[in-house]
Amino acid sequence: MQPEIEIREAGPADVESLSRIGHVSFRAAYEEWSEPDDLIAHLEDFFSPDAIRGEMDLPGHTYLIAIRDADPVGFVKIRENARPNEVPATRALELHQVYVLPQQQRFGIGGLLIAAAARYARDKAADGIWLSVWRDASWAVNCYRKYGFEEVGTTEFQLGRTVYSDLLMWRPAELTR
Ligand SMILES: CC(C)(COP(=O)(O)OP(=O)(O)OC[C@H]1O[C@@H](n2cnc3c(N)ncnc32)[C@H](O)[C@@H]1OP(=O)(O)O)[C@@H](O)C(=O)NCCC(=O)NCCS
């Protein structure tokens, strides 16, 4: 049975929750693939409360948070960012981070966050959402395919001294799954 999930825009009062979800989920997914120093630097740069507060204050940056039984369990960050040429849309928003706590995964919460991001994009008159994902993150690539994303190209992501090969993916905003 699908759990009852509320998804709403996150604000300053949610920063600690976003930070905790980001730390726990990123570490669980990527620790075994990362150099320890790089991992710690990445967690600080992207998921410390100060980093999240700073991002939240930037124009065109929005966090949506998922709440299950009053507990924050996941989030998606959307940003207005230059679209890569491979993305076949006139105006697309970037889905920059999607994180669900490990023990809350595979209940459809990631899908609800993606659907909420697509609704947000439609409200902003965007015709699509795009993202980049490490090509070996099979769990995430599977998830994005399940919710209608298609591969349109490749790019790179640098974490410390390591360069990872990423897929570029996109989906039209009007898809409802
Ligand atoms: C990607 C992520 C947000 C998906 O969240 P979720 O709540 O599990 O998503 P949903 O339950 O809506 O969708 C699950 C689908 O994702 C894929 N998936 C999720 N976990 C998977 C796993 N361990 N192995 C294979 N496929 C997996 C499957 O397609 C699955 O569908 P299924 O359950 O019908 O087989 C979550 O796995 C996560 O936070 N991972 C760690 C952080 C991360 O890698 N984020 C993406 C960065 S680009």
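The values are calculated or read from the model by the stated rules, or taken from the named source; none is laboratory data. The model shown is predicted, which means the values in this text are computed figures rather than measured ones. So basically every Cβ, Gly included, is an ideal-geometry build from the backbone, and we count neighbours across all protein chains shown. These area figures cover heavy atoms from the full protein model, side chains too; ligands, DNA and RNA do not enter into them. Shrake-Rupley method; radii C 1.70, N 1.55, O 1.52, S 1.80 Å.
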Item to check | Low-density loop positions, GluC sites (Glu not before Pro), the stretch 79-125 - DSSP coil, at most 14 other Cβ in 10 Å | outcome: E86
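Could you tally the net charge around L112, taking each other residue with its Cβ under 13 Å from the Cβ of L112, Lys/Arg +1 and Asp/Glu -1? Working shown, then result.
Details: positive: R8, R68, R106, R119, K146, R177; negative: E4, E6.
Charge balance in the 13 Å sphere: +4.
Per residue, how much accessible area does the stretch 5-127 have with a 1.4 Å probe, in Å²? Before the final figure, lay out the partial values.
On the way: 6130 Å² over 123 residues.
It amounts to 50 Å² per residue over the stretch 5-127.
Could you check how much of the accessible area of the stretch 99-177 is carbon and sulfur, as a whole percent, using a 1.4 Å probe? Don't jump to the answer; show the numbers that get you there.
Values: 1910 of 4100 Å².
The value for the stretch 99-177 is 46 percent carbon and sulfur by accessible area.
Do you know the relative contact order of the stretch 5-127, to the nearest whole percent, from alpha carbon pairs under 8 angstrom that are 6+ apart?
Working: 172 pairs, mean separation 34.0, N = 123.
Relative contact order here is 28 percent.
Suppose every K and R has +1 on its Cβ and every D and E has -1 on its Cβ; what is the size of the dipole of the chain about the Cα centre, in Debye to the nearest 20? It would help to have the intermediate numbers written out before the result.
On the way: 19 positive and 28 negative charges, 140 e Å.
It comes to approximately 680 debye.
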Checklist entry - What list of ³J(HN,Hα) couplings, whole Hz, do you get for the stretch 87-93 from phi and the Karplus terms 6.51, -1.76, 1.60, once you set θ to phi - 60° and write x for glycine and proline? => result 7, x, 9, 7, 9, 10, 9
Next on the checklist: How far apart, in nanometres, would the label points at K124 and R177 be if each is projected 7 angstrom from Cα along the Cα-to-Cβ direction?
Outcome noted: 2.5
Checklist entry - Please report, for the Cα atoms of the chain, the Rg to one decimal and the Dmax as a whole number; what are they, in angstrom? => result 15.3, 43
